[in-house]
1. Which listed residue (F29, A18, L49) has the Cα farthest towards the positive end of the charge dipole for segment 6-79, taking +1 on Lys and Arg C-beta and -1 on Asp and Glu C-beta about the Cα centre?
2. Which of A38, A18, A80 moves most in a GNM of the chain, Cα contacts under 10 Å?
3. Which of S193, S125, S97 ends up with the largest GNM mean-square fluctuation for the chain, with Cα atoms connected below 10 Å?
4. When E106, E52 are ordered from fewest to most other Cβ atoms inside 10 Å of their Cβ, what list results?
5. So between E58 and T113, what do we pick up on full extension, going 0.36 nm a residue minus the alpha carbon distance?
6. Using the 10 angstrom Cβ neighbour count as an exposure proxy, how do H147, H173, H181 rank, fewest first?
7. Report the one residue of A184, H79, S105 whose Cα lies farthest in the direction of the positive end of the charge dipole of the chain (charges on C-beta: Lys and Arg +1, Asp and Glu -1; origin at the Cα centre).
8. When the helices in the chain are scored as -39500 (n - 2.57) per DSSP H run of 4 or longer and the sum is shared across all residues, what 222 nm value do you end up with, to the nearest 500 deg cm²/dmol?
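All of the numbers you see were taken from the coordinates with simple rules; none came from a lab. Bear in mind the structure is a predicted one, so any value in this text is a computation, not a measurement. Because the Cβ atoms are built from the backbone with ideal geometry, glycine has one as well, and the counts that use them run over all protein chains shown.
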Amino acid sequence: MAVRDSDLLCHELLLRLAGRVPDEHLWRFRDWLAGGAADVMARALPSLLVRERIGLGETDHRRLADTLLPLGADPGVVHAILPSEYVADHHTFTAESPIDGKGDSEVLVLGATLRGRAGIGEVRSTWRKTGGTRLKRVVLVTASADHIALTGEIQRILRALGEHEPCVEVLPHDLDLTPYHHAALADSVLVCSGSDELVAHRAQR
């Protein structure tokens, strides 16, 4: 397994927390990370988990500690995070969009921006429902490079289009996917392909 730098470890930690950390906070943590403020995220994330009583299993707690303590996280707060195994079944996903295809500005802009982009495999879209809440778009991107910057870029695009709490999951090719991401990908539709996916298709011919 390749050695990860601290920012990429933070990115992967936030991927592990998708579906558990509220969208209003998760997008902001990713924005801080894309802006070079990993130390701010490292201090704020454990405090949020304690305050919101979001528990972590042993493996994820160790991953969080190993990633955030060197960046300045408070050890006392880190150790106060509740123990809890990951549960993903309170989310459901559907590929069926509530928006008419011709009027879906987010899909149109993402397709125009990311189609054929180097370092990107597939860009996919799904809609998540949690309990009685409204459907929420989740954008899933497989990528081989620039995961953090790409997350920040797509979040800014979606916010400019009116999505105040964007859900953007940029997945490294070699990442072990969480149940949340497996479920989201299973009920998603293709928005566009980057150059990585086009090269892969040509190689298979």
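1. The listed residue farthest towards the positive side: L49.
2. Answer for the Gaussian network model of the chain: A80.
3. Residue with maximal mean-square fluctuation among S193, S125, S97: S97.
4. The order, fewest Cβ neighbours first, is E52, E106.
5. So the extension gain works out to 15.9 nm.
6. H173, H181, H147
7. Toward the positive end, the furthest listed residue is S105.
8. Result for the chain, helices only: -14000 deg cm²/dmol.
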